[in-house]
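Contents: one structure, followed by commentary.
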Amino acid sequence: MPMRRIKHRCASWLKSGLSKLLDKVSDKDRREIETTMHKDVLESSRFPEMIFEASNPSISKGGEDLYWVNLQGKLTLHGVTKPQQITARVSFSGSEMRASGEFTVRQTNFGIKLVSVAGGTLKLKDDVKLTFELVGHKQESPPPPGRKDRNMVSGHSRANSGTHS
């Protein structure tokens, strides 16, 4: 099976992952945390995307229109590529496909330095849990020359992060 690539902007990953954390801090500390995370930790201007590339998924049926997919692949984050395994729950309903799952990333394995902010009162953990949900819709498109039909999939993704111990 050919390599499949999923890209996600690190800035949106960071924003969604910090949202719960930032609910309990002052506006001043929130700005400090976001600036520090973008500029000094993720360096999102240099590394704006994280990319997961997978090949040869293993698939098992979990029920009617429900599957479990195990993906062995490579995750590129902060300019560093490492092997990563991801398990996703995939379901189908009409022309829609949904895939969701979670996996843990150890930030220091990707050259991301751990920092503390807000005068040292807030320290970020090394392990970060990333959750994702992908939604795809089947689209009919004109067939290419020499082929009778062709289906394309379009969709969108949403990724969140949270720290855990």
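The values are calculated or read from the model by the stated rules, or taken from the named source; none is laboratory data. Note that this is a predicted model, so its numbers are computed, not measured. Using ideal geometry, Cβ is built from the backbone for each residue, glycine included, and neighbour counts are taken over all protein chains shown.
Here are the criteria: (1) part of a strand (DSSP E or B); (2) surrounded by fewer than 12 Cβ atoms within 10 Å (Cβ to Cβ). Tell me which single one R46 does not satisfy.
All conditions pass for R46, except number (1).
Given the residues T131, T104, which is the only one that is of a type in the set (V, I, T) and at pLDDT 90 or above?
Values: T131 fails: at pLDDT 90 or above.
Answer to the check: T104.
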